[in-house]
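Have a look at the structure below, then the notes.
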Amino acid sequence: MKEKFLKLLDRLEHFKLAPLVQFIKFGLVGVTSTLISYGVEMLCYYVLFRDTDFSGAAAALSRILPVSADQVRVGATTLIAFAISVTHSYLLNSHFTFAEQKQTGRGGKIRAYLKTVASYALTGLLLAPAIKIWLVGIGIPFYVASLMSLVVTIPINFVLNKFWAFRTKKTDGEDGKA
């Protein structure tokens with residue numbers, strides 16, 4: 001099944017549909033990253049941090065903003081899941097989605113990774129919650145608002161990754177100019 005799907009994507013690329021194929025690949029990576037994020041969240045919250053006392057961290061953070069120990073537990077869980085899923089997304093996108101835009105050298109790879117983290121932070125940690133809060137505020141149910149936020153954030157994230165995080169500089173002669 002996987003082989004047939006990959007062959008279909010290859011055929012679509014030959015029909016000048018490479019941008020669409022790249023977006024589909026990006027979406028597939030996103031689905032797997034989301035599943036990993038969910039799995040890590042559940043593992044951390046219900047297994048790793050189940051008996052962890054976050055009251056000391058909550059007390060320290062309460063100097064800045066009022067938080068409970070369970071809110072710190074949720075925050076720690078979310079940050080760990082975010083870090084793991086974004087790293088997964090970077091690795092798959094760099095080898096599967098944007099392979100032709102592959103970064104070279106340690107510095108190029110680190111920059112691409114940090115830009116990927118920034119892209120996902122912008123869309124997943126800032127923009128998506130803002131959209132959801134606004135939509136829920138105007139009376140749209142949360143489960144619909146959550147899906148609607150994806151309609152905005154996924155294309156933005158794709159553009160940020162394609163044209164910023166994984167962008168490669170053209171060398172002389174690549175654009176027809178010498």
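Throughout, read-outs are computed from the coordinates displayed, never taken from laboratory work. Keep in mind that this is a model prediction, so the values were computed, not measured.
Once phi is turned into θ = phi - 60°, what whole-Hz ³J(HN,Hα) does the Karplus curve with 6.51, -1.76 and 1.60 give for every residue of the stretch 67-79, x standing for Gly and Pro?
In residue order, the calculated couplings are 9, 9, 4, 5, 5, 5, 4, 5, x, 5, 4, 5, 5 Hz.
Which cross-chain or sequence-distant (5 or more) residues have an amide H under 5 Å from the amide H of Thr52, H modelled 1.01 Å from N in plane?
none
Return the sequence-ordered ³J(HN,Hα) values of the stretch 32-44 in whole Hz as given by the Karplus equation 6.51 cos²θ - 1.76 cosθ + 1.60 applied to θ = phi - 60°, using x for Gly and Pro.
5, 5, 5, 5, 5, 4, 4, x, 5, 4, 5, 4, 5
Report the extension gain between Val144 and Ser55 in nm, rounded to one decimal, defined as 0.36 nm multiplied by the number of residues separating them, less their alpha carbon distance. Can you show the working numbers first?
Details: separation 89, 0.36 × 89 = 32.04 nm, distance 3.43 nm.
The span from Val144 to Ser55 would gain 28.6 nm if fully extended.
With θ set to phi - 60° and the Karplus curve 6.51 cos²θ - 1.76 cosθ + 1.60, what are the ³J(HN,Hα) couplings of the stretch 133-144 in order, to the nearest whole Hz, using x for Gly and Pro?
Per residue, the Karplus-derived 3J(HN,Hα) values read 4, 5, 5, 5, x, 9, x, 7, x, 4, 5, 6 Hz.
Find the eigenvalues of the gyration tensor of the Cα atoms of the chain, then list the square roots of 5 times those eigenvalues as equivalent ellipsoid semi-axes, largest first, in whole angstrom. Spell out each step's value before the answer.
Details: eigenvalues 250, 77, 59 Å².
Ellipsoid semi-axes (Å, largest first): 35, 20, 17.
What is the set of long-range amide H partners of Thr168 at a cut-off below 5 Å, with H atoms built 1.01 Å from backbone N?
For Thr168, no residues qualify.
Sum -39500 (n - 2.57) across every DSSP H segment of at least 4 residues in the chain, then divide by the residue count to get the 222 nm mean residue ellipticity, nearest 500. Could you put the intermediate results ahead of the total?
Details: 7 runs with 115 residues, N = 178.
Only helices count here, giving -21500 deg cm²/dmol.
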